[in-house]
Amino acid sequence: MKGVVIRNIERAPAEVVDALARLGVATVLEAQGRRGLMHPRIRPMQGGARVAGSAVTALCPPGDNAMLHVALELLKPGDILVVAPLSDCSDAYIGDLLATACKVRGARGAVLDTGIRDLAEIRSMGFPVWARTVSAQGTVKEQVVSANVPIVCAGVHVVPGDIVVADDDGVVVVPRRQGETVLAAAEARVRTEEDIRARLEAGEVTMDVFGLRHKLAERGLRYVDGPVDWSGTPDI
């Protein structure tokens, strides 16, 4: 699909996207069967940000961010820019100027399987970015590939319009059509965790709260009353 730019994409309902943002990456990941998590090399470049938005994608050659500029023009309020290189590259595809442009267009953040630069300035403007590294090395703007097409970013297939959830735990992608289903499962998980937290606060131990005692006993766990003479090799 070289040279293709998709101008109009379908996006998930805003209320679904916003609710997933509030729930956070770990809860959303568990709710969709531990699928869609980007490689942990994609780290938050700031602390405390928790966002979700619709993916607008850019597929770029190594060391060339021309298609990022194409994708930037397609951003709408509530979107998240997702950038993947055709091959491994740690060059900085975004600095403070492009972060400013993203923010002005209403983007909630950017996710890049590349480097970024001008980190202090990006942090000071309050624009959340997740990237693989920081590098002063910039890029050229020469080659035509594609924008707003399906890509693979940090090991995850991302279709334009998919829901990208990002916080201090990383980045997870929810397929657009599954947004409401994942949201319902995530909300149910939160209710379960609230019950677990109440039991822990009441003094119950995790072996019982999580049902591990019987499970581990079936798999061979046994307790030995001490004390044990560790000077030898006890047969336990």
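Things worth noting here:
- If you wrap the Cα atoms of region 1-111 in a convex hull and average its projected area over all directions, you get 7.7 nm².
- At 1.306 mPa s and 10 °C, Stokes diffusion of the chain via Kirkwood alpha-carbon radius, µm² per second: 81 µm²/s
- Ala184-Glu10 FRET efficiency (beta carbon distance; Förster radius 25 Å; 0.05 resolution): 0.80
- Entry comment: accessible area of region 34-145 is 42 Å² per residue, from protein heavy atoms only and a probe of 1.4 Å.
- Each of Gly203, Cys102, Val174 was placed along the dipole of region 79-236 (beta-carbon charges, centred on the mean Cα), and the one lying farthest toward the positive end is Cys102.
- Calculated FRET value between Glu201 and Val134, using beta carbons and R₀ = 35 Å, to 0.05: 0.30
- Extension gain, Asp18 to Leu216: 0.36 nm times the residue separation minus the Cα-Cα distance gives 67.3 nm.
- Extending 7 Å from the Cα toward the beta-carbon at both Glu194 and Glu73 defines two label points whose distance is 4.8 nm.
- Along its three principal directions, the equivalent ellipsoid of region 111-216 from the Cα gyration tensor extends over semi-axes of 39, 20, 13 Å, largest first.
- Accessible surface of region 102-236 [probe 1.4 Å, protein heavy atoms]: carbon and sulfur percent: 50 percent
- Within a straight-line Cα-Cα reach of under 21 Å, Lys2 can be paired with the following lysines, leaving aside sequence neighbours fewer than 8 residues apart in one chain: Lys141.
- Applying a DSSP loop filter and a limit of 12 other Cβ atoms within 10 Å to the GluC sites (Glu not before Pro) in region 1-93 leaves Glu10.
- If the segment from Gln46 to Glu121 were pulled out straight at 0.36 nm per residue, it would be longer than the present Cα-Cα gap by 25.9 nm.
- Solvent exposure, largest accessible area first (probe 1.4 Å, DNA, RNA and ligands not counted), of Ser90, Ser231: Ser231, Ser90
The values are calculated or read from the model by the stated rules, or taken from the named source; none is laboratory data. Just so it is clear, the model here is predicted, and its values are computed rather than measured. Methodologically, a virtual Cβ is constructed for each residue, glycine included, from the backbone with ideal geometry; neighbour enumeration extends over all protein chains shown. Note: areas computed on protein heavy atoms with side chains; ligands, DNA, RNA excluded. Shrake-Rupley method; radii C 1.70, N 1.55, O 1.52, S 1.80 Å.
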